[in-house]
Amino acid sequence: MGLRRIVFALMVLGIVAWAVFPFAWAIVTSLKAGSALFTVEAWPSHPSLANYAAIFNEQPFGRNILNSLMAASAVVALSLGLAVLAAYALGRVRFRGRGLLLFVVLGVSMFPQVAVLSGLFELVRWLGLYNRIGSLVLSYLIFTLPFTVWVLTTFMRELPKELEEAAMVDGAGPFVIVTRVFLPLMGPALAATGLLAFIAAWNEFLFALTFTLTDDARTVPVAIALMSGASQYELPWGQIMAASVVVTVPLIGLVLLFQRRIVSGLTAGAVKG
Amino acid sequence: MSGLPHSSLERQRRRAAWLFLLPMLIVLAGVAGWPLVRTVFFSFTDATLATLDSFQGVGVDNYLWLVRDPVWWRAVWNTLVFTVVSVGIETALGLGIALILNAHLPGRGLLRAAVLIPWAIPTVVSAQMWGWMFHDLYGVVNAILMGLGLIAEPRAWTADPDLALPVVIAVDVWKSTPFMALLILAALQMLPRDLYEAARVDGVHPVKVFVRITLPLIRPALMVAVLFRTLDALRVFDLMYVLTGNSRSTMSMSVYARQYLIDFQDVGYGSAAATLLVLVLAVATVLAVTLGRVRVDAGR
């Protein structure tokens, strides 16, 4: 019995180390300045915040964070607004074609993004949004909208029928029912869904890479992927790791804080078997 | 709806439903439907990025060039290998981690928090982190393996054509296993407890319990999770692009299509590649739904 416990504990420790080590190593690397970067040591002998200063002084990383924040917030607000209405219709009203519509919504969320790239490029250029945040808000809707619709639909369906009937007896129309009766109950669901959609938009790479051109217009993932140093052949690894740590710490914080909600939101979005 | 004058009310509700759906449907048609139609359309033309408004139809020429390009087939092969191997490992590992998380043991909270970290890290960031760890000169992976005496000299992990794809797969396993584990854990937690009580009382071996009871019961949820991860893996782009650029040894179908669309500005040819990728995904979905009997159901 004792041996089994030890084996088990070792396995758990191994998994934890495997999950955490890369990020820990990124933190260690980000604190190494100059040539310290090129020695493998578990903790820098002269830890320095020079890399953190550099990403905000030498690189437009502050601007990149702002771009990501604006694009992700706008697309989440837009998606939630559209999805609440759609979720009421899909979750609570019986009508012909409802199953097909849900299937289409799910299908869109499974789209390979590269499949809409040329059509979207044309649209973005036609709307004059190239190299602007608007192009990202537009393209991110492809995955945030189906996701929010799907999750909120499963949530709407669970709300008690009596609430709606009581409101109908009082003469409330569908719009009043959604905004006055259901919406106040949906705070937690909206927060969890919004957070997951926000993370997805924050992490998006392909569209942001394609629809932005200048350093100032880039989002965080594109900036981290394309960050270059003084010479073309030498990647500024210290700065890349510093930037990675800066954007990942808040994400990890949020995820750990909302653990339970995220897990239930994920499963509502993915598994309804 | 009993007790209400429902016929007219129902009609009103149904009308409102369509009204509520309309904005969402218009947006989806605009950002997904229309661009997809344009991509398929472009795949039969010689359009370039600079001349998106003046082009000529070329029939199926783009597709004929595509099937004759060994680099394309390499991309197809890379994508399939990546998908099968990484989803396979992720399912097995995810199942293991989910079982550990589901057994009420000390340290469970720590484990759950720890596996959420890779999931929370943006793909691009994890690709860069691992890219640095696998660095040929200063990477910690080489240092550790040489310290342990497992390799005699440093390896160029991401540049070596034989090692690059395994490295990409390893990074994906690290990043995506938590998702699998969480989905499987959710399924495990819904299983009826009394069944296990009965098996325990009867003295059934734990392995047998797992194979005979647990696995069949979580199969539907497991299949959905595998389908989602498979579709996700088939369209992979970020990992390859950041870790190995446009290198042929790891290039996925998405990387190939984007390279022609944007870097070479050949919209017609790139669109043909993108269209074929959609077809591959569609076939995979149909196969999963018919052969694997995956039920994706929210309409109930």
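The values are calculated or read from the model by the stated rules, or taken from the named source; none is laboratory data. Worth saying up front: this structure is predicted, and the values here are computed from it rather than measured. A quick note on method: Cβ atoms are made from the backbone with ideal geometry, for glycine too, and the neighbour counts reach across all protein chains shown.
Within the range A:186-236, if we keep just the residues that are part of a loop (DSSP other than H, G, I, E, B) and of a type in the set (D, E, K, R), the residue that is surrounded by the fewest Cβ atoms within 10 Å (Cβ to Cβ) turns out to be A:GLU234.
The residue list A:ALA50, A:ALA42, A:ALA36, A:ALA26 contains one member that is at pLDDT 90 or above and either at positive phi or not hydroxyl-bearing (Ser, Thr, Tyr) (or both), which is A:ALA26. B:VAL40 - would you say it is without any contact (Cβ under 8 Å) to a residue 24 or more places away in the chain and under 31 Å from the mean Cα position of the chain (by Cα)? Against the criterion (without any contact (Cβ under 8 Å) to a residue 24 or more places away in the chain and under 31 Å from the mean Cα position of the chain (by Cα)), B:VAL40 does not qualify.
Here is a yes/no grid of residues against (1) under 27 Å from B:GLN128 (Cβ atoms); (2) out of contact with any Ser or Thr (no Cβ under 9 Å at 6 or more places or on another chain):
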residue: B:MET253; (1), (2): yes, no
residue: B:VAL267; (1), (2): no, no
residue: B:ALA273; (1), (2): yes, no
residue: B:LEU279; (1), (2): no, yes
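Scanning the range A:237-263 for residues that are crowded, with 18+ Cβ neighbours inside 10 Å, out of contact with any Phe, Trp or Tyr (no Cβ under 9 Å at 6 or more places or on another chain) and at the interface with another protein chain (Cβ under 7 Å from one of its Cβ atoms) gives a single hit, A:VAL263. Check the range A:152-170 and report whether any residue there is modelled with pLDDT under 90 and among the small types (Gly, Ala, Ser). Yes, that holds for at least one residue. Exactly one residue among B:ALA257, B:ALA198 is among the aliphatic types (A, V, I, L, M) and either more than 26 Å from B:ARG74 (Cβ to Cβ) or not assigned by TED's automatic domain parsing to the domain that holds B:PRO161 (or both), and that residue is B:ALA198.
Checked against the criterion of being within 30 Å of A:ILE15 (Cβ to Cβ) and either modelled with pLDDT under 95 or within 26 Å of the chain's Cα centre (by Cα) (or both), the candidates B:VAL60, B:VAL87, B:VAL27 yield just one match: B:VAL87.
Per-residue answers, yes or no, for (1) exposed (fewer than 15 other Cβ atoms within 10 Å of the Cβ); (2) under 26 Å from B:VAL236 (Cα atoms):
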{"site": "A:ASN57", "(1), (2)": "yes, no"}
{"site": "A:GLY62", "(1), (2)": "yes, no"}
{"site": "A:ASN67", "(1), (2)": "no, yes"}
{"site": "A:LEU90", "(1), (2)": "no, no"}
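Candidates are the residues of the range A:123-150 that are at the interface with chain B (Cβ under 7 Å from one of its Cβ atoms) and β-branched (Val, Ile, Thr); the one that is nearest to the chain's Cα centre (by Cα) is A:ILE142.
The rows are residues; the columns are (1) more than 19 Å from the chain's Cα centre (by Cα); (2) at the interface with chain B (Cβ under 9 Å from one of its Cβ atoms); (3) in a helix (DSSP H, G or I).
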position	(1), (2), (3)
A:VAL40	yes, yes, no
A:SER48	yes, no, no
A:SER68	no, no, yes
A:VAL104	yes, yes, yes
A:PHE121	yes, yes, yes
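Name every residue in the range B:171-182 that is hydrophobic (A, V, I, L, M, F, W, C) and either under 14 Å from the mean Cα position of the chain (by Cα) or not assigned by TED's automatic domain parsing to the domain that holds B:THR91 (or both), in order of residue number.
First pass over the range B:171-182, keeping only residues hydrophobic (A, V, I, L, M, F, W, C): B:171, B:173-174, B:179-182.
Answer for the range B:171-182, where residues must be hydrophobic (A, V, I, L, M, F, W, C) and either under 14 Å from the mean Cα position of the chain (by Cα) or not assigned by TED's automatic domain parsing to the domain that holds B:THR91 (or both): B:VAL171, B:VAL173, B:TRP174, B:PHE179, B:MET180.
Evaluating A:ARG63 against the criteria (1) away from chain B (no Cβ under 13 Å); (2) of a type in the set (Lys, Arg); (3) in a loop (DSSP other than H, G, I, E, B) leaves one unmet condition, (3).
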